[in-house]
Amino acid sequence: MRIDIISIFPEYFSPLDVSLIGKARARGILDIRLHQLRDWTHDVHRTVDDTPYGGGPGMVMKPEPWGEAIDAVIADVPEGVQNAQSAQHGQSAEDAQHAQDAEGAEGAARRESAGEDGAAGRAAAPRLIVPTPSGRLFTQEMAVELAAEPWLLFACGRYEGIDARVMLEYGRRLRLDEVSIGDYVLAGGEVAALVMIEAIGRLLPGVLGNARSVADDSFAPGAMRNLLEGPVYTKPPVWRGHAVPEILLSGHHGKIAAWRHEQAVLRTARNRPDLAARNSASTS
Ligand code: 6GU
């Protein structure tokens, strides 16, 4: 999977060099490319924001640098993928834009769903994710869906957000999702993008050592849907007077599975009554 990230703080993404995601990158499972939004400004101050029309506090991100940055990223199609946007290297963003205008977003979407872009069926355009507290809520279901995509582009805004015309423009040309990671406000989209990239990245084949640990995750589709994982234990059997529940030492796999499910139900009722209500609604 290829992931492009546009931000005024590419340094924010250094955690992606570490641990699970870092190893996936080193092994070529994940191709993450960072882009500095200010590289697409043309004034000495490399300005990316301005005051909001209609008044109000804070600043809004200007549309022009975003337009140029996203055009440049989407013109750089993965190798081996035939694309109407830019068949040869060194083509300007404007040329790519004209090619895309001539075809239209529907044509590109149709070719993609018809599997006409490259032998491996790789998409010729990324799916655009804009992290924003005003977006749809990010869920495990969305992580699973996005993990099946060959190419994602995260556009990380700061301040009071990005000029809405950027979403209008690329909502027509790409598959666009405005996504929130929860009901609180961060200073920018960078940390939210990190959260989503980790949730998506660990689902890619070969990233986790044990594929079963994904299936057992809290919120995983299937048996664990809307259930939190219960407690886990390892050696020693007694620590500071606290014994491991005896059932786990019994070797009786059926009883252990039943006990774990019961623990998951109890924990969900205690910590997430909203999820517990969904479970009783769907099983009655
Ligand atoms: Cl995606 N962005 C920002 N700035 N704040 C958030 C968020 C995203 N999700 C929750 N809070």
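The values are calculated or read from the model by the stated rules, or taken from the named source; none is laboratory data. Keep in mind that this is a model prediction, so the values were computed, not measured. Every residue, glycine as well, gets a Cβ built from its backbone with ideal geometry; the counts of neighbours run over all protein chains shown. SASA here: full protein model, heavy atoms, side chains in, ligands and nucleic acids out. Shrake-Rupley method; radii C 1.70, N 1.55, O 1.52, S 1.80 Å.
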According to a simple spin-label model (label point 7 Å from Cα along Cα-to-Cβ), what is the distance in nm between residue 240 and residue 43? 5.8
Net charge around residue 58, counting only other residues with Cβ within less than 12 Å of its Cβ (Lys, Arg = +1; Asp, Glu = -1)? -2
How much accessible area per residue does the stretch 212-282 have, in Å², with a 1.4 Å probe? 72
Using 7 Å Cα-to-Cβ label points, what is the residue 172/residue 280 separation (nm, one decimal)? 5.0
Output the relative contact order of the stretch 212-282, whole-number percent, from Cα pairs under 8 angstrom with separation of 6+ residues. 29
Determine the per residue accessible area of the stretch 116-195 with all protein chains present and a 1.4 angstrom probe, expressed in square angstrom. 45
Of the accessible area of the stretch 121-234, with the probe set at 1.4 angstrom, what percent is carbon plus sulfur? 54
Round to a whole number: what % of the accessible area of the stretch 238-284 belongs to carbon and sulfur, probe 1.4 Å? 56
Under a plain spin-label model, where a point goes 7 Å from the Cα along Cα-to-Cβ, how far apart in nm are residue 187 and residue 216? 3.9
